[in-house]
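Report on the structure given below.
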Amino acid sequence: MRKAFLATFLIVSSLCATVSPFASIEMSATVKDMVLRGNNLVVATDDGRVSQYDIEHKKISKTIFLPKIKDFIGDEVFPRVFSVDKYNHSYLLLSEAGKGGYSNLWIHENNITIQHFYIKDKKAVIKARFVNEKHILLAYLSNEAELFDIENHKTIFRVQLNESKFSDFTLNEDKSQAVFSCESGILSVIDTKTGKLLQELKGVNRDNVYKVDFKQGIVSGAGQDRRGAIYNLALGSNSFIEGSFLIYATGLSPSAKLVAFAMDEENNISIFNTQTKAIIAKLKGQKSTLNTIIFKDEKTLFSASDDSTVLMWKLD
């Protein structure tokens with residue numbers, strides 16, 4: 001049955017439209033994280049900087065530089081910025097702190113960068129996102145979720161989701177809920193105000209879910225077990241699309257009618273209809289392992305991988 005499914009998948013894949021990138025953006029170093037806010041792509045790289053690319057004017061409109069840190073042997077190096085976000089005019093940067101695997105956290109606003117977490121705080125935070133202008137949601141390597149009050153510098157809640165190692169999280173459109181993924185394959189949906197566990201999504205992935213997306217009550221998950229998961233929270237249903245290789249990245253269109261998965265060893269991005277599971281297009285041109293896929297609208301996508309090039313795509 002599995003062989004028959006894969007054969008059908010390969011045949012259908014060969015018949016779908018092939019799309020090449022219509023443009024690319026060369027960043028200063030390897031891209032670690034990327035968000036789209038309005039017409040701005042905000043990109044974090046591993047050379048201690050965050051760059052904002054203005055899509056409309058096709059140029060870098062802002063760059064934020066972080067100071068060097070001392071690595072484990074005492075050399076001064078630029079820190080990897082492994083998480084970035086933007087809310088109104090504020091930028092949230094999470095970077096490596098040096099020894100011990102801990103993180104530094106920064107807020108940049110009005111051309112001033114203020115540090116909130118230091119290496120002495122021993123925060124093993126992996127990802128951070130704004131919930132609103134005063135609160136940020138943090139994810140720890142230990143798969144704990146924390147809501148942090150920036151203004152008063154205090155924790156609102158910190159909850160352990162399960163015992164598996166954290167992989168990824170993302171917020172829904174109004175930032176009222178977040179879905180967390182981990183090495184167990186179980187996805188945890190929480191209320192961002194209280195930390196209350198609302199749902200556990202399981203039954204599809206049996207291994208690490210590298211990336212998740214969450215739009216219109218639909219959750220997609222990129223699985224190490226070669227399964228691209230699709231959960232409908234309202235219906236309580238789940239399904240999956242099987243790939244030919246580990247699936248490292250996923251993204252949903254704003255309507256959640258389309259889902260993107262990195263489905264094969266060639267780093268191609270496959271676009272599917274979330275309801276019928278029919279393949280719409282295959283995006284070819286990525287050179288390295290994908291880490292981020294973002295839909296701007298139902299036709300335009302951006303993708304980043306473990307290199308310095310951000311690609312832009314347009315569906316027919």
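Selection over the range 282-299 of residues that are surrounded by fewer than 21 Cβ atoms within 10 Å (Cβ to Cβ) and under 19 Å from ILE218 (Cβ atoms) gives a count of 5. Inside the range 107-134, residues that are more than 22 Å from ALA178 (Cα to Cα), part of a loop (DSSP other than H, G, I, E, B) and of a type outside the set (Ser, Thr, Tyr) make up a count of 3.
Applying a threshold of 6 Å to beta carbon distances and a minimum spacing of six or more residues, or different chains, the list of pairs starting in the range 150-172 at a residue that is under 29 Å from ILE293 (Cβ atoms) and ending at one that is among the hydroxyl-bearing types (Ser, Thr, Tyr) and part of a strand (DSSP E or B) reads LEU161/SER188; SER167/SER181; SER167/TYR210; ASP168/SER181. Inclusion of SER142 among residues that are surrounded by 13 or more Cβ atoms within 10 Å (Cβ to Cβ), in contact (Cβ under 8 Å) with a residue 40 or more places away in the chain and either touching a Lys or Arg at 6+ places or on another chain (Cβ under 9 Å) or hydroxyl-bearing (Ser, Thr, Tyr) (or both) is not warranted.
Taking the criterion of being among the β-branched types (Val, Ile, Thr) and farther than 11 Å from ASN238 by Cα, the residues of the range 197-223 that qualify are VAL209, VAL212. Candidates are the residues of the range 173-194 that are under 25 Å from GLN115 (Cβ atoms) and free of Cβ contacts under 8 Å to residues at least 60 places away in the same chain; the one that is nearest to the chain's Cα centre (by Cα) is ALA178. The numbered conditions (1) hydrophobic (A, V, I, L, M, F, W, C); (2) crowded, with 22+ Cβ neighbours inside 10 Å; (3) more than 17 Å from the chain's Cα centre (by Cα) are all true for ALA234 except (2). Applying the criterion of at least 1 residues that are among the basic types (Lys, Arg) and either surrounded by fewer than 17 Cβ atoms within 10 Å (Cβ to Cβ) or at pLDDT below 95 (or both) to the strands (runs of 3 or more DSSP E) found wholly in the range 1-106 leaves 31-37, 59-65. Scanning the range 181-221 for residues that are of a type in the set (D, E, K, R) and either surrounded by 22 or more Cβ atoms within 10 Å (Cβ to Cβ) or under 19 Å from ILE293 (Cα atoms) (or both) yields LYS211, ASP213, LYS215.
Would you please name the residue that is nearest to the chain's Cα centre (by Cα), looking only at residues in the range 240-263 that are more than 17 Å from VAL179 (Cα to Cα) and surrounded by fewer than 20 Cβ atoms within 10 Å (Cβ to Cβ)? Top of the filtered list is LEU246. Restricting attention to the range 135-148, the residues that are within 17 Å of GLN177 (Cα to Cα) and over 15 Å from the mean Cα position of the chain (by Cα) add up to 8.
Would you check which residues across the range 150-170 are part of a loop (DSSP other than H, G, I, E, B), under 20 Å from GLY185 (Cβ atoms) and not acidic (Asp, Glu) and list them? Within the range 150-170, LEU161, ASN162, SER164, LYS165 meet the criteria.
The values are calculated or read from the model by the stated rules, or taken from the named source; none is laboratory data. Worth saying up front: this structure is predicted, and the values here are computed from it rather than measured. Cβ sites come from the backbone with ideal geometry, for glycine too, and all protein chains shown count toward neighbours.
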